[in-house]
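The values are calculated or read from the model by the stated rules, or taken from the named source; none is laboratory data. Bear in mind that the values here come from a model prediction, so they are computed numbers and not experimental data. Counting neighbours? That spans all protein chains shown, and the Cβs are built from the backbone with ideal geometry, glycine included. What goes into the accessible areas is simple: the full protein's heavy atoms, side chains included, and nothing from ligands, DNA or RNA. Shrake-Rupley method; radii C 1.70, N 1.55, O 1.52, S 1.80 Å.
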Amino acid sequence: MILRTLSAALALVAAAPAVLAQEVKTPLYTVVDGNKVDAKTLNGFRSWRQANCAACHGANQEGLAGPSLVERMKVLSKDDFVKVVIDGRIERGMPPHKDAPVVTKNIDDIYAYLKGRSDGAIKTARVTGIE
Amino acid sequence: MVASANADLESKMANPKNWAAQAGDMFNQRYSKLNQINASNVGKLQVAWTFSTGVLRGHEGSPLVVDGMMYLHSPFPNKVFAINLDTQKIVWKHEPKQDPAVIPQMCCDTVNRGLAYAEGKIFLQQADSMLVAMDAKTGKVLWSTKNGDPKLGAVNSNAPHVFKDKVITGISGGEWGVRGYIAAYDINTGKQVWKGYSVGPDAEMLIDPNKTTTWIDGKVQPVGKDSSLKTWQGDQWKIGGGTTWGWYSYDKATNSVYYGTGNPSTWNPAQRPGDNKWSMSIWSRDVDTGKVNWVYQMTPFDEWDFDGINEMILADIDVKGKPTKALVHFDRNGFAYTLDRVTGALLVAEKYDPKVNWATHVDMKTGRPQVVSKYSTAQNGPDVNTKGICPAALGSKDQQPASFDPNTKLFYVPTNHVCMDYEPFKVEYVAGQPYVGATLSMFPAPGSHGGMGNYITWDAGKGKIVQSKPEKFSVWSGSLNTAGGISCYGTLEGFFKCVDAKDITKELYKFRTPSGIIGNVFTYEHKGKQYMGVFSGIGGWAGIGMAAGLEKDTDGLGAVGGYKELGQYTDLGGSLTVFALPN
């Protein structure tokens, strides 16, 4: 069994190393066997699916009508991510999600899930819970 | 009621020099009497002229030609050009101002299937649901009316259709929980004359429980009270789909408009137990009142997104040896239906792709498909990936219209040869948000020629494939037959092809246009010369990955998995290519 845990701190190292010390306690996501995830990340997957993000970004997040999230999540900061998702980029076809409760309520979990996919820690788009 | 109100359009259609409606006529036959280009000389075709719309994304439908003027449309932002065929100058150009917020509300690319013409007016059905009438000579907007609420996902991609003194239009948004309807507007004022919903209370569907009929127990019988409401749980019908974005036809003799309704919302069947009537149905409505003459549901309780919106082709043919006023429909579900268009009686329902596996057959007594449990996404349940369903959600045929040749009495059908895996999941309805609830992946039909399409001829009287010509990709272009004995269509790689109508395996001509073709072939005559044309411009569902900037192949909502190779053949770009014989 491969257990891989990534902390929020690790994710933030590049962007803001100064906050490392205080962030180290909260793991962003936990993955077992590449496709079993913690409850929050599982919720992120379900929310992502329900919001129909796959229609534009592909069921595997590798891009379709919209860009590859595997790639984009490497570049976007958490704040950038939230802004794009909530406000949208209408001119490029990205709808705003400020009126989509499944997104607004679960955006942190969606972020964790997509970050796990982008990092390569979550091996398949379709995940289940850790038993 | 003015019986002569469509005399103008009828006379324009009767002259084969024009291409005055999207299908060329009101029967949706897509047949031209022009014969200058024929089976013996079509091989000499040359490009006569080309025109760029300046818009990327999928170009469906075709231009119209009326009395020496050509009218072209584009996908969003729905530009319209009027071109004088003598000078090839743009006489007028119209670009509506639409809120770009409508772009993400359009499922499967920002396509538009074209314009309608009647009595000196051009009708445009914009993406944002505005229906607009323009002066055909000047482009001046004469009236405009709002047909739906795009904030709720009620947008438009269909072409408006003029029958009598009305312009008929539908609505899209089955993936947003839009409750479908069809509406008729006065061509002179834009005032709504009637509106009939696809699901819900009888009065709102314009169904008379005693007079409206359907196919029950081997015969045509009244539908009875609450025929739709009884087949939905609770209020689910209010967000029940049944949208109407296809091609409509009209028969003067029955004074009826014929069309189909799309999938029930959501794609997760577990959330909407029941037959979900009258989604997935063929309709006949009185064109003056909208009242429903008859209705027939092809796919009760859809579990696969087999929208029933494909065109209804009206033709007088022999059905099982008997001369019949028939309606022929090639459904997304892989069955081709022949009905008596006067009575609504079900006459033939057979597979037009031998790979169709989700149902064994259609029971002719009940009219219901016999679903195979293995491929039932409802029986397998949410969060289970049902594998190997044929056809895929985009159907054995999607909206790309087929043609009918009165000489061979055969139908010429552009088809998809694609299967899918389908995993439904629970989804919550939020107004104006996607309401899909399934993840799909699509791939070429296994155990076949490896391609994703076939061009076929179909005997609708017998329910049999006559010939089948394999294609590498889905044939997503509307076909055209002519009195010259040819049948022509486009391919996703971008080829414009003409085959022998008597033997479609004989390819007589092909030419590589600038982009993949999802537009419909049309023809016209100008100054004694016959021309044939087609839009190219890849996009639509088959090309959506390409249409909006695909980076890597994936299975996404489904459309790209099987089409990943397309990128080796074509790229975006909307243009018209017009062909003629050399002087």
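Okay, here's what the table says:
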read-out	value
Subset of region A:110-127 (residues that are in a helix (DSSP H, G or I) and either under 20 Å from residue B:106 (Cα atoms) or of a type in the set (Val, Ile, Thr) (or both))	A:110
Test: residue in region B:198-207 that is assigned to a strand (DSSP E or B), open to solvent by less than 30 Å² (accessible area, probe 1.4 Å), small (Gly, Ala, Ser) and within 30 Å of residue B:61 (Cα to Cα)	no
Test result for residue B:186, open to solvent by 30 Å² or more (accessible area, probe 1.4 Å) and among the acidic types (Asp, Glu)	yes
Any hit, region B:130-149, residues being open to solvent by 10 Å² or more (accessible area, probe 1.4 Å), basic (Lys, Arg), in a strand (DSSP E or B) and free of Cβ contacts under 8 Å to residues at least 60 places away in the same chain	yes
Where residue B:124 falls short, out of the listed (1) touching a Leu at 6+ places or on another chain (Cβ under 7 Å); (2) outside any loop (DSSP other than H, G, I, E, B); (3) at pLDDT below 95; (4) not acidic (Asp, Glu)	(3)
Any hit, region A:89-109, residues being assigned to a helix (DSSP H, G or I), closer than 14 Å to residue A:32 by Cα and at pLDDT 95 or above	no
Qualifying positions in region B:357-381 - within 18 Å of residue B:276 (Cα to Cα) and either among the acidic types (Asp, Glu) or open to solvent by 50 Å² or more (accessible area, probe 1.4 Å) (or both)	B:366, B:368, B:370, B:371, B:379
Residue tally, condition of a type outside the set (Lys, Arg), open to solvent by 20 Å² or more (accessible area, probe 1.4 Å) and under 20 Å from the mean Cα position of the chain (by Cα), over region B:301-354	1
Candidates A:107, A:86, filtered to the one that is touching a residue at least 24 places away in the same chain (Cβ under 8 Å), more than 10 Å from chain B (Cβ to nearest Cβ) and hydrophobic (A, V, I, L, M, F, W, C)	A:107
In region B:15-62, residue surrounded by the fewest Cβ atoms within 10 Å (Cβ to Cβ) [restricted to those that are in a strand (DSSP E or B) and of a type in the set (Gly, Ala, Ser)]	B:52
Residue identified as out of contact with any helix residue (DSSP H, G or I) (no Cβ under 8 Å at 6 or more places or on another chain) and free of Cβ contacts under 8 Å to residues at least 60 places away in the same chain among B:38, B:112	B:112
Only one of B:103, B:83 that is within 14 Å of chain A (Cβ to nearest Cβ) and either open to solvent by less than 40 Å² (accessible area, probe 1.4 Å) or part of a helix (DSSP H, G or I) (or both)	B:103
Number of the exception - residue B:408 against (1) more than 14 Å from chain A (Cβ to nearest Cβ); (2) surrounded by 18 or more Cβ atoms within 10 Å (Cβ to Cβ); (3) under 30 Å from residue B:114 (Cβ atoms)	(2)
Some residue of region B:67-75 being open to solvent by less than 30 Å² (accessible area, probe 1.4 Å), part of a loop (DSSP other than H, G, I, E, B), within 14 Å of chain A (Cβ to nearest Cβ) and within 20 Å of residue A:89 (Cα to Cα)	yes
Pairs with Cβ under 8 Å, 6+ apart, first in region B:3-17 and modelled with pLDDT of 95 or more, second part of a helix (DSSP H, G or I)	none
Residue check for residue B:470: more than 14 Å from every other protein chain (Cβ to nearest Cβ), open to solvent by 20 Å² or more (accessible area, probe 1.4 Å), touching a strand residue (DSSP E or B) at 6+ places or on another chain (Cβ under 8 Å) and within 30 Å of residue B:241 (Cβ to Cβ)	no
Which listed residue is in contact with a strand residue (DSSP E or B) (Cβ under 9 Å, 6 or more places away or on another chain) and within 30 Å of residue B:420 (Cβ to Cβ), from B:308, B:344	B:308
Per-region count, region B:436-467, residues within 14 Å of chain A (Cβ to nearest Cβ), in contact with a Leu (Cβ under 7 Å, 6 or more places away or on another chain) and surrounded by fewer than 20 Cβ atoms within 10 Å (Cβ to Cβ)	0
Test result for residue B:228, buried (at least 23 other Cβ atoms within 10 Å of the Cβ), under 19 Å from residue B:366 (Cα atoms) and either out of contact with any His (no Cβ under 9 Å at 6 or more places or on another chain) or not hydroxyl-bearing (Ser, Thr, Tyr) (or both)	yes
Given (1) open to solvent by less than 40 Å² (accessible area, probe 1.4 Å); (2) out of contact with any strand residue (DSSP E or B) (no Cβ under 7 Å at 6 or more places or on another chain), index of the condition residue B:12 fails	(2)
Count of residues meeting criterion [in contact with a helix residue (DSSP H, G or I) (Cβ under 8 Å, 6 or more places away or on another chain) and loosely packed, with under 15 Cβ neighbours inside 10 Å] in region B:208-225	2
Matching residues in region B:476-512 - criterion: being closer than 24 Å to residue B:568 by Cβ and open to solvent by less than 10 Å² (accessible area, probe 1.4 Å)	B:476, B:477, B:489, B:490, B:491, B:492, B:494, B:496
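Okay, residues lined up against (1) at pLDDT 95 or above; (2) open to solvent by 50 Å² or more (accessible area, probe 1.4 Å); (3) at negative phi; (4) more than 14 Å from chain B (Cβ to nearest Cβ):
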{"residue": "A:8", "(1), (2), (3), (4)": "no, no, yes, yes"}
{"residue": "A:14", "(1), (2), (3), (4)": "no, yes, yes, yes"}
{"residue": "A:17", "(1), (2), (3), (4)": "no, yes, yes, yes"}
{"residue": "A:20", "(1), (2), (3), (4)": "no, yes, yes, yes"}
{"residue": "A:31", "(1), (2), (3), (4)": "yes, no, yes, yes"}
{"residue": "A:45", "(1), (2), (3), (4)": "yes, no, yes, no"}
{"residue": "A:54", "(1), (2), (3), (4)": "no, no, yes, no"}
{"residue": "A:67", "(1), (2), (3), (4)": "no, no, yes, no"}
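Okay, residues lined up against (1) assigned to a loop (DSSP other than H, G, I, E, B); (2) in contact with a helix residue (DSSP H, G or I) (Cβ under 7 Å, 6 or more places away or on another chain):
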residue	(1), (2)
B:367	yes, no
B:392	yes, no
B:423	no, no
B:432	yes, yes
B:435	yes, yes
B:440	no, no
B:454	no, no
B:467	no, no
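This table checks each residue for (1) among the β-branched types (Val, Ile, Thr); (2) in contact (Cβ under 8 Å) with a residue 24 or more places away in the chain.
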residue: B:270; (1), (2): no, yes
residue: B:273; (1), (2): no, yes
residue: B:277; (1), (2): no, yes
residue: B:289; (1), (2): yes, yes
residue: B:304; (1), (2): no, yes
residue: B:308; (1), (2): no, yes
residue: B:323; (1), (2): no, no
residue: B:334; (1), (2): no, yes
